[in-house]
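Okay, structure first, notes after.
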């Protein structure tokens with residue numbers, strides 16, 4: 001057995017180069033990474049050892065060809081770390097983090113490589129290059145400069161040390177969060193404590209308890225964000241309080257999973273790294289290469305939106321309190337969602353929890369998500385039962401273009417489990433590149449509670465939204481058509497990447513789409529037209545709360561990452577710092593907690609959104625403007641879909657995203673549609 005070939009090092013044999021997950025064992029990963037590191041290092045050394053003058057072909061194209069093995073092994077492994085992070089996988093990730101960081105730095109800070117790229121960059125105006133090739137030179141030159149390629153040897157060594165330590169800390173942050181999230185799952189002894197949940201939700205809680213050896217009891221697992229969807233329906237106030245208290249205390253207790261010292265060190269080292277690179281803060285360093293451009297631009301947008309959002313939230317709270325008065329209570333954070341549904345029912349005669357029988361997961365997927373994409377882009381999605389994902393619950397689908405040509409694979413991992421991190425996300429296992437002759441393989445991960453066997457999975461409207469949203473990312477990854485791997489799929493500016501996914505949410509209530517998927521699980525009747533009308537009428541309802549909780553998290557992210565090195569080096573009390581930041585922007589209402597508190601803010605302390613969580617609202621400016629365009633131009637048509645696909649999604653990262661937006665829209669985006677959508681006008 002020990003002499004068997006490592007499947008990660010064999011030439012891809014499955015369709016679309018899908019990794020052979022069925023034969024990959026955890027012990028295969030580290031040897032494969034070590035070989036992949038050495039291979040790319042040799043490939044880069046061959047570029048810098050050349051005696052011929054630097055050219056686009058012998059430097060940039062050669063660099064793009066390098067690292068193919070490392071990319072394949074990395075995407076295979078990191079798909080698993082987030083979705084099925086067993087103890088063995090977590091241990092490998094911890095060992096690997098500093099090695100990956102060191103390898104990236106060895107290339108990004110390679111003075112000889114930078115000199116060759118700079119030589120090509122200097123003669124760029126005299127080279128006969130197509131637009132994508134020219135942009136490739138510009139991006140590599142800028143990215144290496146921003147990464148510190150121009151620093152002296154001592155500075156580069158310190159930068160490498162910082163990056164390696166940060167890679168360890170961000171991995172630790174995620175590991176602590178996953179462990180504490182599992183530890184803090186709330187155990188209930190009696191079904192009466194969960195009154196208000198549907199039969200399916202109760203079944204999922206019983207199943208979660210059984211899987212933990214707690215037969216006869218009920219376990220409610222925690223979501224990544226602060227609020228929990230069950231808070232809107234649990235009638236027992238104490239159960240609601242326990243659930244929210246557990247959520248808010250994650251990784252902020254004096255135990256082995258405490259993320260407070262971890263995040264303080266992350267903030268300090270990021271600030272030191274920014275100083276080394278010549279920037280006043282980590283946010284300034286990050287935003288120098290985003291569409292926003294600077295922390296001032298982000299602060300301006302967030303402050304512009306915060307005041308009206310907070311005012312709307314106060315009005316909403318007053319409406320909740322009027323109903324809560326009858327129950328003799330003062331509205332607290334754990335009451336907001338519950339009484340919001342009461343107000344919604346009173347104002348719009350709408351019970352969102354009662355909609356779940358119309359949102360059976362399989363039908364939402366096939367007759368909603370896939371159907372919308374088929375109507376808009378002409379693609380066809382069919383399941384491949386012969387192909388295996390990285391976990392038994394993963395499903396594999398093949399995607400074809402309208403003309404029957406192969407496009408790529410789509411993998412769906414719908415259900416929550418203890419080895420999966422919270423939230424929902426898309427990632428690529430294989431990226432498209434004409435240079436390498438590869439087609440895309442993309443994954444969507446959600447965290448839907450799995451009911452007992454034989455029980456249908458009924459989604460909330462929020463979960464339906466997440467499914468459409470993440471498939472918008474998947475479409476971006478599938479449709480991007482580029483030459484160079486550097487630009488593949490969703491490799492765009494961080495504050496642009498959420499735009500396509502948010503646009504895809506528009507089809508959820510589009511009449512043709514809704515009529516096709518929103519059918520009652522028992523009767524097959526369509527969602528009644530009057531209910532649909534009330535859903536539309538209530539779209540701006542509770543937007544004060546929704547906008548405030550999101551802006552609060554965005555502001556916390558900016559507050560941590562705009563600290564100077566001196567400020568970040570102080571002994572910071574995490575809770576006090578967060579409270580002061582929220583007070584500064586006027587989003588400190590105790591009844592409206594931030595979507596993510598610092599100790600479980602995985603997006604910015606273990607993910608790729610540091611100083612970038614504002615990206616969702618920044619992208620929503622483009623999204624709302626695009627939805628308006630679709631409405632003005634006939635909506636769900638192949639002509640509109642093809643325009644959006646080819647002029648925007650298909651560009652991937654191979655050009656300026658705002659230029660691509662102007663090409664699609666005919667002008668720059670305007671903010672008014674966003675303000676109207678979120679009720680921030682007047």
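The values are calculated or read from the model by the stated rules, or taken from the named source; none is laboratory data. In this text the structure is predicted, and so the values were computed from the model without any measurement. Ideal geometry is used to build each Cβ from the backbone, glycine not excepted, and the neighbour counts take in all protein chains shown.
Below are the figures for this structure:
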| read-out | value |
| --- | --- |
| Of the criteria (1) part of a loop (DSSP other than H, G, I, E, B); (2) buried (at least 17 other Cβ atoms within 10 Å of the Cβ); (3) not assigned by TED's automatic domain parsing to the domain that holds residue 482, which one residue 653 fails | (3) |
| Flag if residue 378 is in contact with a helix residue (DSSP H, G or I) (Cβ under 7 Å, 6 or more places away or on another chain), in contact (Cβ under 8 Å) with a residue 40 or more places away in the chain, surrounded by fewer than 17 Cβ atoms within 10 Å (Cβ to Cβ) and assigned by TED's automatic domain parsing to the domain that holds residue 520 | yes |
| Qualifying residue in the range 345-365 (condition: more than 27 Å from residue 522 (Cβ to Cβ) and buried (at least 18 other Cβ atoms within 10 Å of the Cβ)) | no |
| Among the residues listed as 81, 76, the single one being in a helix (DSSP H, G or I), under 26 Å from the mean Cα position of the chain (by Cα) and without any contact (Cβ under 8 Å) to a residue 24 or more places away in the chain | 81 |
| Residue satisfying all of: in the range 173-205; within 23 Å of residue 86 (Cα to Cα) and touching a strand residue (DSSP E or B) at 6+ places or on another chain (Cβ under 7 Å); surrounded by the most Cβ atoms within 10 Å (Cβ to Cβ) among these | 205 |
| Tally, over the range 549-587, of residues that are buried (at least 24 other Cβ atoms within 10 Å of the Cβ) and outside any helix (DSSP H, G or I) | 1 |
| Candidate set: the range 656-679, residues that are over 14 Å from residue 502 (Cβ atoms) and part of a loop (DSSP other than H, G, I, E, B); chosen: the one nearest to the chain's Cα centre (by Cα) | 656 |
| Every pair of residues 6+ apart whose Cβ atoms lie under 7 Å, when the first sits in the range 511-531 and is touching a residue at least 40 places away in the same chain (Cβ under 8 Å) while the second is surrounded by fewer than 14 Cβ atoms within 10 Å (Cβ to Cβ) | 519/525 |
| Enumeration of residues in the range 1-17 that are in a loop (DSSP other than H, G, I, E, B) and either touching a strand residue (DSSP E or B) at 6+ places or on another chain (Cβ under 6 Å) or surrounded by 15 or more Cβ atoms within 10 Å (Cβ to Cβ) (or both) | 6, 14 |
| Count of the range 115-141 residues which are in contact with a helix residue (DSSP H, G or I) (Cβ under 9 Å, 6 or more places away or on another chain) and part of a helix (DSSP H, G or I) | 18 |
| Residues of the range 422-446 classified as more than 16 Å from residue 487 (Cβ to Cβ) and either buried (at least 22 other Cβ atoms within 10 Å of the Cβ) or not assigned by TED's automatic domain parsing to the domain that holds residue 497 (or both), total | 6 |
| Test: residue in the range 216-227 that is more than 24 Å from residue 452 (Cβ to Cβ), touching a residue at least 12 places away in the same chain (Cβ under 8 Å) and surrounded by fewer than 18 Cβ atoms within 10 Å (Cβ to Cβ) | no |
| Residue in the range 204-211 that is in contact with a helix residue (DSSP H, G or I) (Cβ under 6 Å, 6 or more places away or on another chain) and more than 30 Å from residue 564 (Cβ to Cβ) present | no |
| In the range 291-314, the residues that are closer than 25 Å to residue 656 by Cβ and part of a helix (DSSP H, G or I) | 295, 296, 297, 298, 299, 300, 301, 302, 304 |
| Selected residue [over 30 Å from residue 230 (Cα atoms), touching a helix residue (DSSP H, G or I) at 6+ places or on another chain (Cβ under 7 Å) and exposed (fewer than 15 other Cβ atoms within 10 Å of the Cβ)] from 112, 153 | 112 |
| Residue count, the range 18-35 (criterion: under 21 Å from residue 439 (Cβ atoms), part of a helix (DSSP H, G or I) and in contact with a helix residue (DSSP H, G or I) (Cβ under 7 Å, 6 or more places away or on another chain)) | 0 |
| Residues (in a helix (DSSP H, G or I) and at pLDDT 95 or above) located in the range 183-201 | 183, 191, 192, 193, 194 |
| Qualifying residue in the range 470-481 (condition: in contact (Cβ under 8 Å) with a residue 60 or more places away in the chain and surrounded by fewer than 24 Cβ atoms within 10 Å (Cβ to Cβ)) | yes |
| Meets criteria (at pLDDT 95 or above and on the phi > 0 side of the Ramachandran plot) for residue 653 | no |
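Here's the yes/no breakdown for (1) over 30 Å from residue 320 (Cβ atoms); (2) at pLDDT 95 or above:
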{"residue": "516", "(1), (2)": "yes, yes"}
{"residue": "522", "(1), (2)": "yes, yes"}
{"residue": "527", "(1), (2)": "no, yes"}
{"residue": "538", "(1), (2)": "no, no"}
{"residue": "545", "(1), (2)": "no, yes"}
{"residue": "550", "(1), (2)": "no, yes"}
{"residue": "586", "(1), (2)": "no, yes"}
{"residue": "589", "(1), (2)": "no, yes"}
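Residues checked against (1) crowded, with 23+ Cβ neighbours inside 10 Å; (2) in contact (Cβ under 8 Å) with a residue 12 or more places away in the chain; (3) at positive phi:
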position	(1), (2), (3)
589	no, yes, no
601	yes, yes, no
608	no, yes, no
611	yes, yes, yes
627	no, yes, no
